[in-house]
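Take a look at the structure set out below.
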């Protein structure tokens, strides 16, 4: 029998992911505040809901992909939200990147309501979501994981179980902390190297041949800032949000993160400038501007 | 005709590198303060010198692999040093990791003396040097590069030209700045993730599948600290020296490096503890100890 | 006519402050979850309330001195809270140190309810509160300030008007950011100086004679950590809370604070250790322990 | 008998200090590369030397006030320097702010040459030097201190003995580390407070009434940046030099300074901009510019 999926939130990730579900044989009902986004998925055969209730009732699985913790709490826990309308025995899978405490509150509310809960934040970029090549970090019981696994496989290629509900959110937080902080290390390295007179191609090739190799230089920046492209795949503002999740988790858990703090301050400084709405690879432009050198190019 | 090479400095890198030169048909004369090290290369057929003069006279190329700037300046520029004895028309190749200003002073002295100069610091680890798989970052004129290229190919597999003399030192500085700072980011990420309850295997696999992937976690730490091994491949003290080169270069060139500064402070703090003489992957142990969690293991 | 004051929250600050009000002729009704604290003020003639409602009804002014934002919002905005019971035409003065957004929400609720609102966080220590020598940072309209001024003068000697409602909270945030970050600078300075062999008395006297002079060294630490006393006047945990308010305000307002971030990380690291519940002057002990020197003493 | 003093270095500090010595009855011989500076002191009756030798021979005390370590080493230890010409039984007092290792080398050379040595760096500003109100941090034996004390009293009002030779340099390093780092804390505090809408007078008065009070805000900035005056009393570049002395000492002594590192990075960043040659109170302008607010004024 076809699995029925209610899909709430058709942003940069939700739109291609819901489209892939519909294409691959799931019965998808979409809801978003922007009708144009719903139209896109409807063209593939998905149903359109007029509100959260309609996207929720009668579904086997409800998926949420929303910007931040308050949105998830409002959509799931609100008076006319998902938990007010979801079928007994159905399951909620939240794929947003939110505060782990928020995930815990939603998980607890699902448990109290008697519905399953899975948190499965998304790794990689919108490009990968379009190709169905996303990576998912999944917090779920064995039983709940079995129920969502086919849907996850329809949307991505790499599915990592990270533990009980809530551990997906925590894994996402660590992943983005590591990559965003590394991005700033790369930005500082290139800025200093450029000031010392090194060619960008040389820096790229040499660090690509040692353990200095990392995805922020060799996958991200070569395709973005080093091509002069700072159109946002992931804005400095959103990156700052993710770093803030990590710093808050560190504070709550009594951990001091000296480099994390420095990174948070740099992203915070970039947000005071025009970089705020640029791609986070524009950290390179910010670092080069601070160092008084032109941002190098690899076209 | 066989190229004659004087090789001064048989440490963790110099010993296997000179051995490879001798094995691959160069006529090598070695010098080190430790006779036992000379014995090892002599067993392969190399000649032993009794002092710098003897290691220098009559050679086509003199190679130095020494611990730090003062050693290089003493050996090359000293009263009875390399430049006092090197043949006209010969060439000095310094493969030490030293301050770029030091490299510039040595290069200028070579130019004044009318001998060629190449700086070619070594990437990768002693393990790679033994296998002849080192990476070299080479600052040289075209003519000088042509003269050292066969020797470099006998010692390594990846030879990167970085520009004029002095640019090899600068590239090494950037490379190590990037990897050492990234190591601390990885240490903080794992410490926080462990405190949040994440399994080390999960963190390893997930970050290996996103742009968070980097050599410090996925090549270095999996083979060292995460196996409980902190025997030094590269000590915190030496790593601190390299970070200091970067911070000094930044200061001299009027660049502020907020994350570099934070990293420098962390390495500096680790040096006040027993970590000083441990492998730099023990940053993980330091971060976990600071966070109040056990260092995770991947055996 | 005697001004009637409901006083909610009899902690380290609220207890001496309410006592001073009662001593100086105000008609005080106190409420706290701890009956023993109410007994202390009742001995001076104050009335005891059994709940928030009783502490609120019939008062001219209601004063709250509570630990953190959630407590203030619960006590003021809760179903059976201050705003549910306060008389028309009365006024709420919150003297807690809380998030400025929280202050703004409470201020807005008061405005909507038609009652006056003043925020007046407390500077200086419990010692000063006992002596009636507190400093207050007041956010209030002219009319509301006139109503609370006599009460403020009964509790403190230095009353600073900082602007409209909400500006008292903001001033407190800046004040504590400055002093807490400076405390860590002092801690690092003394730790390094001690390692360099300098006597603490020398460091104290010299920096007391230059523009390096500051309250953290010359008022705080000489009376606490440098006497071997780390009994909390103000714990590292509470100090971390205050620094977090500043970092959050900076984030919200798009300001990067590189030193603030470093301070936040240090306090965060101290919280992972036994320093968490010690006086914040124990930053000195933490810095000296990290530097591998004994904490100096000035007895 | 009148004490004969050779005075080498007539910069912002040396000029008024040597003038005060001459005015107060010492027999002063001055030397500086700038003849105009020598003219100024000669007008008061001082003798002019044509070189270091002439400023050194026949003096009881030779005083040096020079920009940085290399200058002191060249002037004192050079082939035709102070130690080549100083009388047996005379004494060298270096009042420059230099690296403590440099001070130690000069002290050792003096001991080997059999002449006394005192290091006595200067606290406070040029303004105070003119008034004869400087503060001195003195490293000296009892016997040597007795010999220089009258001269110190002619130039300043506050004379602090800090221990054996070398400890004056170390005390200066700690003093400036503390005040320069605090200056940046003040800059960040004012920038954030301004962004939050607080008036500068309010911030000044409130923090002046709590333990947040410090010389950087309440003595320095009120007279410089907050008056719109960034004419250098002490440039960012020189301040960076002093911070670097502290960071180097920390490195050498295996101490990590997280806030010091952050401060060093900020000063380093400011040096990449036009602030480099402005007064260090212009940290405030830098912080406000980074935060996107106008620098406040207190005229």
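Bear in mind that the values in this text are calculations on the coordinates, not laboratory data. Note that the structure is a prediction, hence the values are computed from the model and not measured. Neighbour counts run over all protein chains shown; Cβ positions are idealised from the backbone, glycine included.
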Counting only C-alpha contacts under 8 Å and six or more residues apart, can you give the relative contact order of the range C:4-165 as a whole percent?
20
Run the label-point distances for residue B:292 please: 7 Å along Cα to Cβ, every other copy, nanometres, shortest first.
2.6, 3.7, 4.5
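Would you work out if the protein assembly as shown is rounded, prolate or oblate? Take a ≥ b ≥ c from the square roots of the eigenvalues of the alpha-carbon gyration tensor; rounded if a/c is under 1.5, else prolate when a/b is larger than b/c, oblate otherwise. Spell out each step's value before the answer.
On the way: a/c = 2.39, a/b = 1.18, b/c = 2.03.
Oblate is the answer for the protein assembly as shown, as a/c is 1.5 or above yet b/c matches or exceeds a/b.
With both bridge residues required to lie in the protein assembly as shown, what share of the DSSP beta bridges run antiparallel, to the nearest 5%? Walk me through the intermediate numbers first.
Values: 18 of 118 bridges.
Bridges in the protein assembly as shown are about 15 percent antiparallel.
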Rounded to whole angstrom, the alpha-carbon centroid of the range C:188-204 lies from that of the range A:55-108 at a distance of 56
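Any idea what the relative contact order of chain A is, in percent, if you count C-alpha pairs under 8 Å spaced at least 6 apart? Walk me through the numbers before you get to the answer.
Working: 535 pairs, mean separation 39.5, N = 299.
RCO, chain A: 13 percent.
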Along Cα-to-Cβ, 7 Å out, sits the label point; list in nm, shortest first, how far the one on residue D:114 is from those in the other copies.
4.7, 9.8, 10.3
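Which whole-number percentage describes the relative contact order of the range A:44-99, with Cα contacts under 8 Å and a sequence gap of 6 or more? List each step's numbers first, then the result.
Working: 74 pairs, mean separation 25.1, N = 56.
Relative contact order of the range A:44-99: 45 percent.
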Give the nm distances, rounded to one decimal, from residue A:149 to the matching residue in every other copy, measuring between label points 7 Å along Cα toward the beta carbon; shortest first.
5.6, 7.5, 8.8
So if I take the centroid of the Cα atoms in the range A:242-278 and the same for the range B:128-163, what is the distance between those two points in Å?
41
Folded to 0 to 90 degrees: helix C:100-113 orientation relative to chain C principal axis, Cα:
10
Between C and B, which C residue has the Cβ nearest their rotation axis, distance in Å?
C:258, 3
Under a Gaussian network model of chain D whose springs join Cα atoms within less than 10 Å, the largest fluctuation of D:163, D:269, D:123 belongs to D:269
Average partner coverage of D:215-228, which counts Cβ from other chains inside 10 Å
2
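Considering every residue in D:157-163, what mean count of other chain Cβ atoms within 10 Å of its Cβ is obtained? Don't skip to the end; give the middle numbers.
Details: counts 1, 5, 0, 7, 3, 8, 5.
Partner-chain Cβ atoms within 10 Å, mean over residues of D:157-163: 4.
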Kindly work out what percent of the DSSP beta bridges joining two residues of chain A are antiparallel, to the nearest 5.
15
Give the distance, in whole Å, between the Cα centre of the range C:25-42 and the Cα centre of the range D:1-44.
71
Tilt, helix C:167-195 to longest principal axis of chain C (alpha-carbon atoms), in degrees rounded to tens, equals 20
Under the helix-only model (-39500 (n - 2.57) for each DSSP H run of 4 or more, divided by the residues of chain B), the mean residue ellipticity at 222 nm, to 500 deg cm²/dmol, is -15000 deg cm²/dmol
Starting from the Cα gyration tensor of the range B:170-291, take the square roots of the eigenvalues, sort them a ≥ b ≥ c, and report rounded, prolate or oblate (rounded when a/c is under 1.5, otherwise prolate if a/b is larger than b/c, else oblate).
prolate
Under the definition of partner shielding as Cβ atoms of other protein chains within 10 Å of a residue Cβ, what is the mean value for peptide B:286-292?
5
Assign one of three labels to the range B:33-169, namely rounded, prolate or oblate, based on the Cα gyration tensor with a ≥ b ≥ c the square roots of its eigenvalues; rounded applies when a/c is under 1.5, prolate when it is not and a/b is larger than b/c, and oblate otherwise.
rounded
Expressed as an acute angle from 0 to 90° and rounded to the nearest 10, what is the orientation of the C-alpha long axis of helix A:14-23 relative to the principal long axis of chain A?
50
